[in-house]
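Data first, discussion second: the structure below is written as structure tokens.
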Amino acid sequence: MSRPTLLGPLAAVSLIFAAVCALWLIVRPFGEVGVLTVSDLGTTAAAAWATSLSLLAAIRSRSRIRLAWFLVASGLAAWTIAEGIWATYEMLLDREVPFPSPADVAYLAAYPLVGLGLVIVASPERSLARLRTLLDGTALVCAATAIVWHAILLPIYSDSDATWIEKTVGGAYPLGDLILLFALALALYANRSGRVGKVITVFAIGMGIYMLADLAFAYLTLDDAFSSGTFVDLGWIFGYLMIGY
């Protein structure tokens, strides 16, 4: 007997949730208050959804893969906490979220947890294969670092009037994304075929969407132009949903 799958219902729930959030933020039926509510609660709910499904994946897995998904779930839980802090500032305290804020601590804490989980997924049994995988991934992330620094971060740092701590925290986001890019490259390289490869590919698509939203956030924040309820929030929502799926 084949093992029952949840992919169909999960895909339907994720698609409906994403469509509702996107439509709400585009139509804006209740003005700025409605947009803020859907933006804050939508990102928090999507992150919590991804956390829950990562825990489910951990429970259904074995050995080192179970540890890997528990680490990923811990990172997603940190992102959920960060989204909750952000929502608390805007919805309960009725204040603009300061930058940096406690939310940034939780956001940035997630990167090493998710990255380590993906590295464990990518880690081969043989030490020589593990070393080759590590070197290939390092070459890729170094190339990506150079591109991101010269094309995105350097112009932002040169033109921005932000303080040094704002520039440091703002720049930590795309650098954290590069850590995840490194880990994803390893995981994809080590799992080029089979079911795990398909899982990592979908996860990578979700992280790619999330990373693009992070880059937009860093650019807009350092120019003091970021606000909730924009396409950036949709990027985070779609990213979380894809990761959970």
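With the convex hull built on the Cα atoms of the range 47-93, state its orientation-averaged projected area in nm².
Values: hull surface 11.5 nm².
Dividing the Cα hull surface by four gives the mean projection, 2.9 nm².
For the range 14-95, with only Lys/Arg (+1) and Asp/Glu (-1) charged at the beta-carbon, what is the dipole magnitude about the Cα centre, in debye rounded to 20? All intermediate terms of the calculation are to be shown ahead of the outcome.
On the way: 6 positive and 5 negative charges, 128 e Å.
Value, rounded to 20: 620 debye.
Rounded to whole Å and ordered largest first, report the semi-axes of the equivalent ellipsoid of the range 190-232 derived from its Cα gyration tensor (root of 5λ).
Details: eigenvalues 204, 17, 3 Å².
Whole-Å semi-axes of the equivalent ellipsoid: 32, 9, 4.
How much length is gained on full extension from residue 216 to residue 147, taking 0.36 nm per residue of separation minus their Cα-Cα distance? Walk me through the numbers before you get to the answer.
Numbers: separation 69, 0.36 × 69 = 24.84 nm, distance 1.57 nm.
Extending this stretch completely gives an extra 23.3 nm.
For the range 1-124, report the accessible area per residue in Å² (1.4 Å probe, heavy atoms, rounded to an integer). Numbers along the way, then the final one.
Numbers: 6430 Å² over 124 residues.
Computed with neighbouring chains in place, this is 52 Å² per residue.
For residue 23 and residue 201, what does the FRET efficiency come to when R0 = 35 Å and r is the distance between their Cβ atoms, rounded to the nearest 0.05? Display every interim value, and only then the final one.
Values: r = 28 Å, r/R0 = 0.79.
The value I calculate is 0.80.
The values are calculated or read from the model by the stated rules, or taken from the named source; none is laboratory data. In this text the structure is predicted, and so the values were computed from the model without any measurement. Note that we place each Cβ from the backbone using ideal geometry, even for glycine, and neighbour counts take in every protein chain shown. SASA here: full protein model, heavy atoms, side chains in, ligands and nucleic acids out. Shrake-Rupley method; radii C 1.70, N 1.55, O 1.52, S 1.80 Å.
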